[in-house]
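Single-structure report; data block below.
The values are calculated or read from the model by the stated rules, or taken from the named source; none is laboratory data. Since the structure is predicted, the reported quantities are computational estimates derived from the model, not experimental observations. No Cβ is skipped: glycine too gets one built from the backbone with ideal geometry, and neighbour counts run over all protein chains shown.
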Amino acid sequence: MVEQIIFLLQMEVLYLKYVVMERGFLKMAIVNATDQNFTEETKDGVVLVDFWAPWCGPCKMIAPVLEELDGDLGDKAKIVKVDVDENQETAGKFGVMSIPTLLVLKDGEVVDKAVGFQPKEALAELLNKQM
């Protein structure tokens with residue numbers, strides 16, 4: 001019985017988050033970009049791009065860091081993830097040879113880069129230099 005109540009409460013919270021996001025009160029979550037929509041997703045403002053792959057251990061480690069950072073950023077910057085296995089054209093365009101590779105773009109242009117796992121504070125510092 002307790003498990004059912006907890007489950008229902010969790011579903012209610014998810015629904016409320018959805019409603020709030022749809023009305024524009026919350027920043028949208030991290031975007032998964034593709035070769036087809038990468039330019040559109042990264043053309044405006046400050047964007048942190050995470051080139052990753054599902055089989056990559058350090059990529060799995062950095063995922064919750066990016067989620068937390070996204071919450072901290074609000075609407076000041078955007079986080080975009082690119083799966084290098086499925087989007088080889090975009091990864092090749094930026095010369096991605098190791099993952100995770102994290103690029104900071106400002107209005108579509110690369111302004112900074114980090115390779116490998118990075119703590120939240122280091123990523124925040126990269127972004128803050130551009131905001």
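The residues in the stretch 91-125 that are in a helix (DSSP H, G or I) and basic (Lys, Arg) can be counted, and the count is 2. In the stretch 112-131, the residues that are within 16 Å of Phe51 (Cα to Cα) and free of Cβ contacts under 8 Å to residues at least 60 places away in the same chain form Cβ pairs under 8 Å with partners that are among the hydrophobic types (A, V, I, L, M, F, W, C) and surrounded by fewer than 15 Cβ atoms within 10 Å (Cβ to Cβ), at six or more places apart or across chains, as follows: Ala114/Ala122; Phe117/Met61.
To keep it simple, each residue is scored yes or no on (1) at pLDDT 85 or above; (2) farther than 20 Å from Ser98 by Cβ.
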residue	(1), (2)
Ile6	no, yes
Thr39	yes, yes
Trp52	yes, no
Val80	yes, no
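Filtered by the rule that a residue be in contact with a helix residue (DSSP H, G or I) (Cβ under 8 Å, 6 or more places away or on another chain) and within 11 Å of Ala33 (Cα to Cα), the stretch 75-96 gives Ile79, Val80, Lys81, Val82, Val84, Asn87, Thr90. Condition check for Asp72 on (1) in a loop (DSSP other than H, G, I, E, B); (2) modelled with pLDDT under 95: one failure, at (1). Exactly one residue out of Leu73, Leu105 is farther than 13 Å from Leu123 by Cβ and either surrounded by 13 or more Cβ atoms within 10 Å (Cβ to Cβ) or under 10 Å from the mean Cα position of the chain (by Cα) (or both): that is Leu105. Taking the stretch 46-63 as the range and being surrounded by 13 or more Cβ atoms within 10 Å (Cβ to Cβ), of a type outside the set (A, V, I, L, M, F, W, C) and out of contact with any Phe, Trp or Tyr (no Cβ under 7 Å at 6 or more places or on another chain) as the test, the residues that pass are Asp50, Lys60.
Criterion applied to Leu66, Leu26, Leu16 was being assigned to a helix (DSSP H, G or I), surrounded by 10 or more Cβ atoms within 10 Å (Cβ to Cβ) and modelled with pLDDT under 90, and the one residue passing it is Leu16.
Restricting attention to the stretch 39-60, the residues that are without any contact (Cβ under 8 Å) to a residue 60 or more places away in the chain and not aromatic (Phe, Trp, Tyr) total 12.
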